[in-house]
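In what follows, a single structure is set out as structure tokens and then discussed.
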Amino acid sequence: MYHAIVFFPLIGALLAGLFGRQLGPRMCEYITTGFLAFSALLSWGAFFEVPGSDHATRVQVATWFTAGDLVVDWAFRIDTLTVVMLVVVTTVSTLVHLYSVGYMEEDPHRPRFFAYLSLFTFAMLMLVTADNLVQMFFGWEGVGLASYLLIGFWYEKPSANAAAMKAFIVNRVGDFGFSLGIFLVFVLFGSVAFDGILPRAAELKDATFHFLGYDWNAMTLACLLLFMGAMGKSAQFLLHTWLPDAMEGPTPVSALIHAATMVTAGVFMVARLSPLFEVAPNALIVVTIIGGITAFFAATIGMVQNDIKRVIAYSTCSQLGYMFVALGVGAYSAAVFHLFTHAFFKALLFLGAGSVIHAMHHEQDMRNMGALRRYIPFTSAMMTIGTLALIGFPFTAGYYSKDAIIEAAYASTRPGHTLAFLCTVVAALMTSFYSWRLFFMTFEGPARWAGHGAAHHDDHHAAPALAHAASAAADGAPGHHEGVAHDDKGHDVEPASHSAIEHHDHAHTPHESPLVMTIPLAILAFGALFAGLLFKNRFIGEGMESFWGHALGHGPDNHIMHDIHSVPALVAYSPFIMLVIGFLLAFWMYIRRPELPGRLAAQQPSLYQFLLNKWYFDELYDRIFVRPAKNFGKFLWKEGDGRVIDGLGPDGIATRVLDVTRGVVRLQTGYVYHYAFVMLIGVAAIVSWYMLTGLPKVGH
């Protein structure tokens, strides 16, 4: 059964990728989607069968390679954590495949697109079923490769190519740390198999390792290196810059990458290796602090973004911060529970945004939307459900998992937990604000896509240029030219779709998406509403211990999941209080007083630009890393390669030979008197030599 779950997506990818022209686009869609649906059904069967087992099941596939003491098998590790991830990955991927049938209908390269989607899913399944770190790294890099292909799918767009390269390169930074962590684990344990590592973690709790001139705690160093990989793949603070740019890919790609698969790989990896992290408390402190900062800073940026997909992308970044806070304080089950529920409502929001973009003829700027609830009521209802789940409205999926994380951050006694608690609570307020801001700008207010309402406030004309731009960004007034999307700095850019090669004039009526796109929304909405209620007891409730078994590494001193039940009432109610405040602020600023955002932006231009430009991380990295690297490379190219290597090497030698031959050629004139003259000069030189040195003496 597990062979079928993992390899069916690969078979679909190979058929669509290699024989797409012969099979045709429609058949490729049927094959890949059908194989994914079958994998999803088998995964749900495993989900209800496996939990409660006392030990992990190992399914041998093949022996991969043997190098000295290093033996690496290709095998599946089947336990509760694995089947939870199987369900998440295959379910969301199946719905994304189905949704893409409608969304990508006009694209001429559908076989290639569906081949990439299935390849991505196969790589993720390889990652979550890995029985050892090398196999996990194989899936890890496979996911990175497939994401590069998907983000840059519309390769004729320079922005898509740049975003794909950026995602690939930034992830290499984290992957370098991940690979060093794997090497160190092998040095310490003599094995890369989880069965040879996880049970022995406590034995090396006090071991040291000499590195960079210092003696480090070996487990702390290993876990920090491994977490570096998680930071890159899960877009945590400092290695997050690739994630919003990944929006250049088609919307189904955004849902697949940001909801259930690639960005959750880091969370899964830390949860899988939780026995190692449990004996490295200093590493967990770093995880907690990075998670809290990520939750906060991504939420601040999401409050001012204008691209509907970028708002949801920064929301993903923030929610991943929540998951790492839970991992850092030892609430591993709460982290995976939030991963599980987040997959449903975040995929719902991304696919709902895709439905909006589809209705708006590929417009993504929320300033050019408004009043869509009357035209696409089903999509509006689905986005409402996704928004409620994201902000943690009571009894939705996000309510149970998100609140558990905030309570765990408060109940923890580990250093850094107070910062994490404050960051997550404030982020909950900002999450509610930007979620309702997105909803109000998109579905409520005047219809700014119909050519009216572009300047529905008279004071816009009297305000400074910044106030006008900020007001356009905040209260929905479209900026610049109708039908043209704009980047964060107001420059005209191509809409993020290949189909929008010609600029549309918005002279259309928004329309609801076809059934093949709305069915996945309805299924995800069911999960966003009821996944928390149905599975709370298993993941974090009374049935937690029997459900998880030994899949997660809760140490003997880790009682965090019991301590969350004794937090003060104010802490327990704080997420709800924050979401109410966030809703009221968004309602007041975008429905009752829509001129307020522009005024605030004009009053605080530095803060507004700071947030709008994403804390200037891209500019900072460009100045610190990109330009010096580019200049150094140019120096090596021009000076090192061109002037030194080529100048003194092959090109230099060839040039000198040419110079000599040119001189020799000039001697060959073809005139006899020239040759006679040269001969006379030679005779005169010889005679002169002997006259000056004397004739040689002949021996007797």
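Only one of (1) among the aliphatic types (A, V, I, L, M); (2) assigned to a helix (DSSP H, G or I); (3) surrounded by 15 or more Cβ atoms within 10 Å (Cβ to Cβ) fails for Leu533. Which number is that?
(3)
I'd like the residue in segment 31-43 that is buried (at least 17 other Cβ atoms within 10 Å of the Cβ) and either small (Gly, Ala, Ser) or farther than 14 Å from Val87 by Cα (or both) and, out of all such residues, is farthest from the chain's Cα centre (by Cα).
Ranking the candidates gives Ile31 first.
Of the residues Leu648, Leu636, Leu692, Leu658, only one is open to solvent by 100 Å² or more (accessible area, probe 1.4 Å), within 60 Å of the chain's Cα centre (by Cα) and not hydroxyl-bearing (Ser, Thr, Tyr); which? Reasoning before the result, please.
Values: Leu636 fails: open to solvent by 100 Å² or more (accessible area, probe 1.4 Å); Leu692 fails: within 60 Å of the chain's Cα centre (by Cα); Leu658 fails: open to solvent by 100 Å² or more (accessible area, probe 1.4 Å).
Of the residues listed, the single one that is open to solvent by 100 Å² or more (accessible area, probe 1.4 Å), within 60 Å of the chain's Cα centre (by Cα) and not hydroxyl-bearing (Ser, Thr, Tyr) is Leu648.
Starting from residues that are over 14 Å from Thr129 (Cα atoms) and either assigned to a helix (DSSP H, G or I) or aliphatic (A, V, I, L, M) (or both), keep the ones in segment 44-61 and report whichever is least open to solvent (accessible area, probe 1.4 Å).
As a first pass, look at segment 44-61 and keep what is over 14 Å from Thr129 (Cα atoms): 44-45, 48-49, 51-55.
Pick out the ones that are also either assigned to a helix (DSSP H, G or I) or aliphatic (A, V, I, L, M) (or both) and you get 44-45, 48-49.
Working: Trp44: 67, Gly45: 36, Phe48: 120, Glu49: 127 Å².
Only one residue fits best here, namely Gly45.
Could you tell me which of the residues Gly139, Gly152 is under 25 Å from Val59 (Cβ atoms) and modelled with pLDDT of 90 or more? Break it down into steps so the answer makes sense when it comes.
Details: Gly152 fails: under 25 Å from Val59 (Cβ atoms).
Unique residue meeting the criteria: Gly139.
Inside segment 241-328, counting only helices (runs of 4 or more DSSP H) that do not spill past its ends, which hold 3 or more residues that are open to solvent by 10 Å² or more (accessible area, probe 1.4 Å)? It would help to see each step written out before you state the result.
Numbers: elements: 242-245, 251-255, 265-272, 274-278, 281-302, 308-328.
The qualifying helices (runs of 4 or more DSSP H) are 281-302.
Take Ile169 and decide whether it is at pLDDT 90 or above, among the β-branched types (Val, Ile, Thr) and open to solvent by less than 10 Å² (accessible area, probe 1.4 Å). Explain how you work it out, then say what you get.
On the way: at pLDDT 90 or above: yes; among the β-branched types (Val, Ile, Thr): yes; open to solvent by less than 10 Å² (accessible area, probe 1.4 Å): no.
Against the criterion (at pLDDT 90 or above, among the β-branched types (Val, Ile, Thr) and open to solvent by less than 10 Å² (accessible area, probe 1.4 Å)), Ile169 does not qualify.
With the structure loaded, tell me whether Thr669 is part of a loop (DSSP other than H, G, I, E, B) and either within 30 Å of Val173 (Cα to Cα) or open to solvent by less than 100 Å² (accessible area, probe 1.4 Å) (or both) or whether it fails that test.
yes
For segment 485-526, what are the residues that are modelled with pLDDT of 50 or more, in contact with a Ser or Thr (Cβ under 8 Å, 6 or more places away or on another chain) and either open to solvent by 20 Å² or more (accessible area, probe 1.4 Å) or not in a loop (DSSP other than H, G, I, E, B) (or both)?
Glu512, Met517, Thr518, Leu521
Could you please let me know if Ser412 is modelled with pLDDT under 95, of a type in the set (S, T, N, Q) and either touching a His at 6+ places or on another chain (Cβ under 7 Å) or on the phi > 0 side of the Ramachandran plot (or both)?
Numbers: modelled with pLDDT under 95: yes; of a type in the set (S, T, N, Q): yes; either touching a His at 6+ places or on another chain (Cβ under 7 Å) or on the phi > 0 side of the Ramachandran plot (or both): no.
For Ser412, the condition - modelled with pLDDT under 95, of a type in the set (S, T, N, Q) and either touching a His at 6+ places or on another chain (Cβ under 7 Å) or on the phi > 0 side of the Ramachandran plot (or both) - is not met.
I need the full set of residues from segment 538-567 which are assigned to a loop (DSSP other than H, G, I, E, B), more than 23 Å from Ala280 (Cβ to Cβ) and open to solvent by less than 70 Å² (accessible area, probe 1.4 Å), in order please. Show your work before the answer.
Start the filter on segment 538-567 by keeping residues that are assigned to a loop (DSSP other than H, G, I, E, B), which leaves 541-543, 549-559, 567.
Next, only the ones that are more than 23 Å from Ala280 (Cβ to Cβ) stay: 541-543, 567.
Within segment 538-567, Gly541, Gly543, Val567 meet the criteria.
Scanning segment 586-625 for residues that are touching a Ser or Thr at 6+ places or on another chain (Cβ under 8 Å) and either acidic (Asp, Glu) or under 22 Å from Phe443 (Cα atoms) (or both), which turns out surrounded by the fewest Cβ atoms within 10 Å (Cβ to Cβ)?
Step by step, filter segment 586-625, then rank; the result is Asp618.
Determine whether segment 280-296 contains at least one residue that is closer than 23 Å to Arg414 by Cα and in contact with a strand residue (DSSP E or B) (Cβ under 8 Å, 6 or more places away or on another chain). Spell out how you get there, then give the answer.
Of the residues in segment 280-296, the ones closer than 23 Å to Arg414 by Cα are 280-296.
Next cut, in contact with a strand residue (DSSP E or B) (Cβ under 8 Å, 6 or more places away or on another chain) only: 280, 282.
The answer is yes; a qualifying residue exists.
Return the residue satisfying two criteria in turn: it lies in segment 418-429 and is in contact (Cβ under 8 Å) with a residue 60 or more places away in the chain and surrounded by fewer than 24 Cβ atoms within 10 Å (Cβ to Cβ), and of such residues it is farthest from Leu327 (Cα to Cα).
Leu429
The values are calculated or read from the model by the stated rules, or taken from the named source; none is laboratory data. Please read all numbers here as calculations on a predicted model, not as lab measurements. Cβ sites come from the backbone with ideal geometry, for glycine too, and all protein chains shown count toward neighbours. Accessible surface areas use protein heavy atoms only, side chains included; no ligands, DNA or RNA. Shrake-Rupley method; radii C 1.70, N 1.55, O 1.52, S 1.80 Å.
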